[in-house]
Every structure is written in structure tokens, then in C-alpha cells.
Amino acid sequence: MQSQNKIYVGDNLSVLMGMNSRTVDLIYLDPPFNSKRIYRVPIGTPAGKKEAGFDDIWVWSEDIDIRLEAFLDKYPRLFRFIGSAGEIHGLPMKAYLTFMAQRMIEMHRVLKETGSLYLHCDPTAGHYLKIMLDEVFGKHNFRNEIAWAYKTGGVSKRHFSRKHDVVFFYSKGREYVFNLQKEKSYLSHKYGFKNIEILSDDGGTYRYVHCRDIWDIPALRGNQPEVTGYPTQKPLALLDRIIKASSNEGDLVLDPFCGCATTCVAAHRLQRNWIGIDVSDVAVDLVRDRLTDATAQGLLKSDDVKKEVFTDFLATDKPPMRTDIVKTKLKKPQIKKILFDEQEGVCNGCKKEFDLPNFHLDHIVPKSKGGGDYMENFQLLCGNCNSIKGDRPMEYLQYRMRIQKNLTPMY
Ligand SMILES: C[S@@+](CC[C@H](N)C(=O)[O-])C[C@H]1O[C@@H](n2cnc3c(N)ncnc32)[C@H](O)[C@@H]1O
Ligand SMILES: [Zn+2]
């Protein structure tokens, strides 16, 4: 049987769009934060040998309007919110939020009804992202705003030191997997605790309490064995806690911005299946090294997980194809007739009326972008609209229509 564990090299949007609905138990994502930085790795580290890194600079371009307009029908509030955020914070933020919204919608679709999502961000854009999550997941499915607090170098004299990241935890529905996690709580004295187990270690006397939403997990330091040198690499301890809390053994964990595969390694160690996606092929090379040579890097004690398990994954740059949508067996003229009635003889682009023979059958999501021959993916366009759209997504045609009507693209 083919392994469920996969690394996809490529834009996570195409991969997510090709995944079947309701198949994933847990999603952790640590996207670029709109930090206006270019991340490059230190020379001499495993990542440095591969010149890994990525840009986190967002610039506005016309085609972002096209993407944003795609939300207009289904998510009008999201559309308006991103527009307002762009007015308040500027066009680069609007570009970033548009990028994130497209992916959030797909992530929500691929999650099982009992699944959860953890979005890791920082205070630069976190407040906007939370509103978007409220809209896509439903505000009642908000579970936690986790502050991951760390002590790294670098301080400012003009404000308090910024030493935490934010992780938003949303479930897809009311019934979701959640395994309580405990942490040590150090005590100033050990008296007066009845029926509570009091323990001690080098740090002092402690008891176990339910984890709070403030997580004191040390950030990675250069000399730790798990450090690959990949910029923004997260500690395995952080992912261990998330994966243990919100999934069970055998579940499927997805990280659509997997970087050097911290989530994949943590999931593997905890006997979960996993899928990692990263646009950078350098990152993916690193993943391969990290997974296949995990024992050598001191990531795992050899008795933790058998080393050969780590070769049990597939790395590919081909996005998957959805198989949960039934391909239609109807012939072209039959499909056209059904759509003609559904669209009431009106072109889906210019909204003008035509006779049936003048309509062209169009794939809404082009086949080259993962769209298939299923009814939901067909529409009728007039000859003119069909030639404008060509092999592009519907957003492009809508954008061109607005320009033709002398309307400014909405945002
Ligand atoms: C903040 S890093 C993730 C670090 C990761 N959590 C780790 O521990 O290594 C963000 C990653 O997102 C990737 N990325 C950015 N845009 C992407 C896209 N559209 N599709 C897939 N990956 C993307 C970057 O290449 C980078 O590796
Ligand atoms: Zn038309």
C-alpha cells in the first residue's frame, strides 16, 4: 500500500485544491507573517548548504484584485473585511490577507468535521487573521489564542520586548478531538496540598496542572541537535503538544507551510500520518534529509521509531487530483442543456442572453489547474467571454468584465 505520508513541492493552494474534502484530522500552519523580511539561513548549517530561505515581503499587484473578487459571491464579508484592512494597514497587508484567505477556505474544506486548525502567526497580522478565521470557521469554533512565549535576543528601548508568537486554535465543529495536556507548575512551597502529587526536579518542587494558553517553550538555540538552520524553524516540543492534544495515533496531520518539516517529524514520532507542503524545493530537500537521516541528527533515539519508517514517504511536485467528486458520465450536449436551464440562458461572464448553440462549455477551474470533468466545474460562457477567460480561473474573467464596464475593481 502506498504511504499516506507525503511532501508536496509547490504552492499549497494547488495542492489543497486537489485534496479531497473532510480527509485531514489536524492542520498546523506557520505561514510567512508579513514581516517584511527576507529569511536567509546561516552558512554552515544543513540548511545553509542548500541556500534555503524565503521572502516575506508582500507587494500589491493587479492580479491580487482578481483573486480577491473570487470571494465576492461566497464570502462577501471576508471580501469587505480584507478591503478595510487594506485601507487601514496598506496594500501589502491586503495582498497578504488575500493570500491567506484563499488558503483558509481550502483548509477548512479538507478538515474532517472533528478536525482542528492551529494557525501560528505573530502580532503583525494576527488580529486580522483571527477575524478571517472567525468568518471561515465560525466564531463559536474559536477555542484558544495561545501565546508561545520565548526568550530570544534582541530588545528595543522604545517598547516592551516582543517575545511571543500567537497560535489560534479553531475546531471545525462542536465535537472535536481534544486530549488534555498537562504541564509542570513550580511551587513556592510544598505545604497545604491535599491529595495532590508533589514532585521535584532540578527546577524545584512542582505539581502537574492542565496546560494554560501561555506556553513557555524555549525557542531553538543554535547548538541544539534538532536545529537544521532553516530560518523560522519551530521547536519539536511546540508541535508535540499541539499534535498530542488535537489528534490521535493513526490520524492525518497536514502542514501546508512545512519549512524544514518540524510538523512532519513530530507527527512521525507520535505515530500520526502526515502531509507537508512547501513551495521551496530547497526546503523539501532538507525535509528529505531530515526525515531519512533523523537518527543521525540526534532527532530521535534509535529506539524511538525505527529508522526505516522514515523512508516511507513520497515526495512529489505534482498536486493531487480530487477523487471525491464524481466525474459526470453525461455527454457534452446533455451537460449544455442542463446548464442552459440552470443559467436561464444567460452567460456566466457578461450576463447577456444567448441561444444554446452560441454557448461554449467551460471548465470553471481549468483542467491545467486541477479542475475536473464534474458537473460543479462546468459553466456556459458566450464565445467572447470564453476567449477572454481562456485557460484562466473565473476570477480573471470577472475582473476583466468589471474593467470593460468601466467599474473599478472592488475592494
Ligand atoms: C515560517 S516558515 C515555516 C517554518 C516551519 N514551521 C519550520 O518549523 O520549519 C514558512 C514557509 O512557508 C513556505 N511558503 C511560503 N509560501 C508558500 C506557498 N504558497 N505554498 C507553500 N509553502 C509556502 C516558505 O517556503 C517557508 O518555508
Ligand atoms: Zn459572455
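The values are calculated or read from the model by the stated rules, or taken from the named source; none is laboratory data. A quick note: this is a predicted structure, and the numbers were derived from the prediction, not measured. FYI the Cβ positions are ideal-geometry reconstructions off the backbone, even for glycines, and counts take in every protein chain you see. The area values use the complete protein model at the heavy-atom level, side chains included, leaving out ligands, DNA and RNA. Shrake-Rupley method; radii C 1.70, N 1.55, O 1.52, S 1.80 Å.
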- Task: Determine, at each q value in 0.11, 0.15, 0.20 (inverse angstroms), the log₁₀ of I(q)/I(0) that the Debye formula gives when each Cα of the range 133-276 is one equal point scatterer.
- Result: -0.56, -0.99, -1.37
- Message: Using a 1.4 angstrom probe on the protein heavy atoms only, could you order I338, I242 from most to least accessible area?
- Response: I338, I242
- Query: To the nearest 10 square angstrom, how much accessible area does M375 have with a 1.4 angstrom probe?
  - Reply: 50 Å²
- Note on the structure: Farthest towards the positive end of the dipole of the range 146-283, among L220, S280, G192 and with Cβ unit charges of +1 on Lys and Arg and -1 on Asp and Glu, lies the Cα of G192
- For N144 and E87, what does the FRET efficiency come to when R0 = 25 Å and r is the distance between their Cβ atoms, rounded to the nearest 0.05? 0.25
- Note on the structure: Checked the range 157-224 against the a/c 1.5 cut and the a/b vs b/c comparison, axes a ≥ b ≥ c from its Cα gyration tensor; verdict oblate
- Item | Theoretical FRET efficiency, 1/(1+(r/R0)^6), r = Cβ-Cβ of D391 and E113, R0 51 Å, to 0.05 | 0.90
- Query: What spacing in nm lies between the two simple spin-label points modelled at R221 and R80, each 7 Å away from Cα in the Cβ direction?
  - Reply: 5.2 nm
- Give a quick list of trypsin sites (Lys or Arg not before Pro) in the range 116-166 that DSSP marks as loop, anything other than H, G, I, E or B, with at most 11 other Cβ atoms within 10 Å. K151, K157, R158
- Query: Roughly how large, in nm² to one decimal, is the mean projection of the convex hull of the alpha-carbon atoms in the range 332-404?
  - Reply: 4.4 nm²
- Item | Cα convex hull of the range 227-292, projected area averaged across orientations, nm² | 4.0 nm²
- Message: At 7 Å along Cα-to-Cβ for each site, give me the label-to-label distance between R22 and Q4 in nm.
- Response: 1.6 nm
- Message: Could you compute the net charge surrounding D25? Neighbours are other residues with a C-beta less than 12 Å from the C-beta of D25; K and R count +1, D and E count -1.
- Response: +1
- Query: How much accessible area does H127 have with a 1.4 Å probe, in Å² rounded to the nearest 10?
  - Reply: 100 Å²
- Approximate spin-label separation D317-Q271, in nm, with each point projected 7 Å along Cα-to-Cβ: 3.7 nm
- Once every Cα of the range 110-181 carries one equal point scatterer and solvent is ignored, give the base-10 log of I(q)/I(0) from the Debye formula at q = 0.12, 0.14, 0.22, 0.25 Å⁻¹, two decimals. -0.40, -0.52, -0.96, -1.13
- Quick one: length gained pulling T205 to K184 fully straight, 0.36 nm per residue minus the C-alpha distance? 6.6 nm
- Task: Sort the following peptides by mean Cβ neighbour count (other Cβ atoms within 10 Å, averaged over residues), highest first: 76-82, 349-355.
- Result: 76-82, 349-355
- Message: Using a 1.4 Å probe on the protein heavy atoms, what percent of the accessible area of the range 332-404 belongs to carbon and sulfur?
- Response: 51 percent
- Message: Using +1 at the C-beta of Lys and Arg and -1 at the C-beta of Asp and Glu, which of G371, I388, N358 has the Cα lying farthest in the positive direction of the dipole of the range 332-404?
- Response: I388
- Message: Report the gain in length on full extension from Y191 to V155: 0.36 nm times residue separation, minus Cα-Cα distance, nm rounded to one decimal.
- Response: 9.1 nm
- Query: Looking at this model, which pairs from K331/K351; K130/K151; K139/K369; K112/K331; K6/K337 are more than 30 angstrom apart at the alpha-carbon?
  - Reply: K139/K369; K112/K331; K6/K337
